[in-house]
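Data first, discussion second: the structure below is written as structure tokens.
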Amino acid sequence: MDLISRFKSGIGLIVLVIGLSFASDYFLTVHNLINVARQISINAILAFGMTFVILTSGIDLSVGSMLALSSIITASLLTGGYPIFIAILAGLLVGTLLGLANGLMVAKAKMPAFIVTLGMMAIARGLTLDYSNGRPISGFDEGFRIIGAGHIGFIPIPVIVMILILLICYIILKKTPFGRYIYAIGGNENAAKLSGINTDVVKTSAYVISGFLAGVSGVILAARLNSAQPTAGTGYELNAIAAVVLGGTSLAGGRGNIIGTIIGALIIGILHNGLNLLDVSSFYQSVAKGAVILVAVFLDRRSKRN
Amino acid sequence: MRNKLIAIALILVVAVGVLGCQNNTKQSKEKEGLKIGLAVSTQNNPFFVDLKNGAEKKAKKLGIELLTVDAQDDAAKQQNSIEDLIMKEVDVLIINPVDGDAVVSAIESANEADIPVITVDRGANGGEVVSHIASDNVEGGKMAADFIAKKLNEKGKVVELEGIPGTSAARDRGKGFNKGIKEYGDIEVIANQPADFNRAKGMTVMENILQSESNIDAVFAHNDSMALGAIEAIKAADRSDEITVVGFDAIDDAVKSVKEGKLAATIAQKPGLMGEMAVETAKKVANDKKVKDYTPVPLKLITE
């Protein structure tokens with residue numbers, strides 16, 4: 001089943017690529033494909049964290065706001081003259097701590113993930129606006145900007161970071177006991193608990209990973225734009241969830257994988273890029289994205305029923 | 001399983017195919033002409049919808065292919081879609097930035113690709129921009145001065161409520177206004193104080209001025225919020241009959257207030273004209289003609 005569902009989104013991606021290659025002369029060029037890879041990096045990194053959370057049958061609606069807060073904190077430390085290393089660390093720490101708070105409320109206090117992360121979404125956004133007075137923070141050293149705008153060879157650094165995180169997540173989920181516990185909790189939490197898994201720790205960790213990766217995205221976004229925006233990341237949680245679901249991970253938890261998520265993120269990114277190249281208005285792009293998600297979930301449901 | 005794969009494939013192929021066909025016919029028809037990219041900050045605000053419509057109207061008239069992308073107020077999304085326009089090898093880029101700092105990276109990408117960039121309404125704080133097109137705030141300030149002079153029969157005492165000190169809008173509107181007033185020897189600006197474009201502050205600052213000045217004939221506020229605040233203060237002091245208030249921006253509340261006869265006038269921007277002028281300028285740039293680095297767009301006085 002695992003293999004087939006991965007195969008399915010992969011086919012969708014390939015069909016999309018072939019279709020767009022015929023529809024636009026500009027699509028299938030090395031330059032554009034690298035462009036797409038860089039464009040999806042933020043969403044993909046958020047979606048990797050989201051995959052852990054959704055596999056435990058949870059949800060994280062706060063990633064977009066955590067991204068914004070991390071990005072503003074990092075930016076304000078940078079412009080305040082702190083070393084790049086400290087600024088980045090603080091940004092990552094903010095995401096991680098908020099993720100930890102989410103995890104503890106969901107796992108220990110047994111509060112519903114939807115509500116917990118909805119609350120965190122509002123809190124993190126409010127803190128961001130308060131901390132920044134609603135104003136963007138701009139103008140960083142070249143050394144920091146490299147993280148968002150630099151290249152190694154011809155591959156943008158955000159893409160390299162994305163691939164590294166993908167590999168690490170793949171190894172964690174496939175090759176470690178922790179990865180197996182994540183699947184076990186999503187499959188049947190009681191059974192997991194009875195078999196001796198410390199479900200609270202594992203569940204909390206999933207939210208910590210999600211928060212940490214939101215921090216990573218926030219740092220990259222600030223570096224890429226050379227500016228931290230207090231309104232950054234609005235609606236990004238939905239794009240991340242969409243990537244996970246398109247990748248065939250079940251919202252009920254326990255089934256899915258990280259390769260599916262990167263494929264899902266690619267489908268969304270390529271859809272946006274392709275429709276921009278085809279000069280389709282952003283309103284219809286939104287319709288198209290929604291339709292693709294619905295079709296994917298519909299097919300997923302049907303395959304499960306069979 | 002096989003059925004499902006075919007279903008997905010069909011849906012995607014049909015969707016992409018339909019969109020693709022539309023585009024191919026367009027491309028082949030207009031291959032000779034210019035291709036201009038327009039990146040707007042949002043389409044959830046009538047101001048920017050008017051801007052886009054103006055640009056589209058002009059492009060159609062001039063036979064230019066205009067590719068519009070909408071950032072939905074997300075600076076990151078704007079950067080992505082500007083990169084997509086660069087991929088499409090547009091001849092000129094017209095950008096209405098979400099944020100003046102965040103847009104710089106995208107402008108630098110365009111500079112690298114040798115695509116000239118024009119900014120509209122909001123400027124960019126870096127990168128190479130060949131021309132900036134925005135409202136003529138200096139002219140707007142002068143319009144307010146002329147209107148007040150006419151209203152007062154060229155004689156009287158005027159208060160100026162200034163916007164946030166240092167902002168270009170406050171600077172330019174103040175400059176135009178004071179220059180305009182100087183042309184009328186018998187009109188005197190008896191007080192000018194900043195009220196930071198803020199309605200509550202406009203009210204308190206006006207309250208203080210009303211205390212110290214027993215003779216005021218008119219107030220010019222650098223924006224409508226301050227003007228509406230000042231009107232409240234004037235009403236509370238029961239001096240509405242003697243004082244003429246003029247605002248700036250034509251926000252909905254202000255236009256309503258003008259209709260009700262409380263606000264004498266406000267000055268409106270012309271976003272549609274801004275879009276038209278952006279496309280005209282882009283055409284000139286594409287044809288290697290010289291353009292000014294700032295093109296002011298005229299404003300409109302609203303008095304009823």
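FYI, it's all coordinate maths here, none of it is from the lab. No experiment lies behind these values; they were computed from the predicted model shown. Cβ coordinates were reconstructed from backbone atoms using ideal geometry, including for glycine residues, and neighbour counts include every protein chain displayed.
Among DSSP beta bridges lying fully in the protein assembly as shown, give the percent that are antiparallel, nearest 5.
The antiparallel proportion sits near 15 percent.
What residues qualify as long-range amide H neighbours of B:ILE94, i.e. H under 5 Å apart, gap of 5 or more or another chain, H built at 1.01 Å from N?
Under 5 Å from the amide H of B:ILE94: B:GLY37, B:LEU38, B:ALA39, B:ILE118.
Would you mind checking the pairs B:LYS155/B:LYS300; B:LYS142/B:LYS259; B:LYS60/B:LYS292; B:LYS61/B:LYS283 and listing those with alpha carbons more than 20 angstrom apart?
Exceeds cut-off: B:LYS155/B:LYS300; B:LYS142/B:LYS259; B:LYS60/B:LYS292.
Which of rounded, prolate, oblate describes chain A, given a ≥ b ≥ c as roots of the alpha-carbon gyration tensor eigenvalues and a/c under 1.5 marking rounded, otherwise prolate only if a/b is larger than b/c?
The shape class here is oblate.
Anything over 19 Å Cα to Cα? Flag those among B:LYS235/B:LYS262; B:LYS179/B:LYS290; A:LYS8/B:LYS88; B:LYS58/B:LYS284, in the order listed.
B:LYS179/B:LYS290; A:LYS8/B:LYS88
Starting from the alpha-carbon convex hull of region B:175-270, give the projected area averaged over all orientations, in nm².
Average projection, Cα convex hull of region B:175-270: 6.3 nm².
Determine the dipole magnitude for the protein assembly as shown: charges of +1 sit on the beta-carbon of Lys and Arg, -1 on that of Asp and Glu, nothing else is charged, the reference point is the Cα centre, and the result goes in debye to the nearest 20.
For this selection, approximately 2640 debye.
Let's test the formula: R0 of 25 Å, r as the Cβ-Cβ distance of A:TYR131 and A:LEU33. What FRET efficiency results, to the nearest 0.05?
Between A:TYR131 and A:LEU33 the formula returns 0.10.
Starting at the first residue of region B:225-233, write each ³J(HN,Hα) from the Karplus equation 6.51 cos²θ - 1.76 cosθ + 1.60 with θ = phi - 60°, in whole Hz, x for Gly and Pro.
4, 5, 4, 5, x, 4, 4, 4, 5
List A:HIS31, B:HIS132 from most exposed to least, where exposure is judged by having the fewest other Cβ atoms within 10 Å.
The fewest-first ordering by Cβ neighbours comes to A:HIS31, B:HIS132.
How large is the translational diffusion coefficient of region B:121-217 in µm² per second when you combine the Kirkwood radius over alpha carbon pairs with Stokes-Einstein at 10 °C and 1.306 mPa s?
108
What is the sum of charges, Lys and Arg at +1 and Asp and Glu at -1, for the other residues whose Cβ falls under 10 Å from the Cβ of A:HIS272?
Residues near A:HIS272 contribute +1 overall.
So what J values fall out for region B:84-91 if you push phi through Karplus, 6.51 cos²θ - 1.76 cosθ + 1.60 with θ = phi - 60°, rounded to Hz, Gly and Pro as x?
The phi angles translate into 4, 5, 5, 4, 7, 6, 5, 7 Hz.
Towards the positive end of the charge dipole of the protein assembly as shown, with charges on Cβ (+1 Lys, Arg; -1 Asp, Glu), say which of B:ILE133, B:ALA113, A:VAL53 has the farthest Cα.
So the residue we want is A:VAL53.
Give a residue-ordered list of calculated ³J(HN,Hα) values for region A:255-261 (Karplus: 6.51 cos²θ - 1.76 cosθ + 1.60, θ = phi - 60°; whole Hz; x for Gly, Pro).
The phi angles translate into 10, x, 7, 6, 5, x, 5 Hz.
What FRET efficiency do you get for A:PHE154 and A:PHE22 if R0 is 25 Å and r is their Cβ-Cβ distance, rounded to the nearest 0.05?
The computed FRET efficiency comes out at 0.45.
Which of the three applies to region A:68-210, rounded, prolate or oblate, going by the alpha-carbon gyration tensor with a ≥ b ≥ c and a/c under 1.5 meaning rounded?
Taking the square roots of the gyration eigenvalues as a ≥ b ≥ c, region A:68-210 is oblate.
What shape does region A:148-306 have by the C-alpha gyration tensor, where a ≥ b ≥ c are the square roots of the eigenvalues, rounded means a/c under 1.5, and otherwise prolate means a/b greater than b/c and oblate the rest?
Note, shape of region A:148-306 comes out oblate.
For n ≥ 4 DSSP H runs only, could you compute -39500 (n - 2.57) per run for the protein assembly as shown, divide by its residues and tell me the 222 nm figure to the nearest 500?
-21000 deg cm²/dmol
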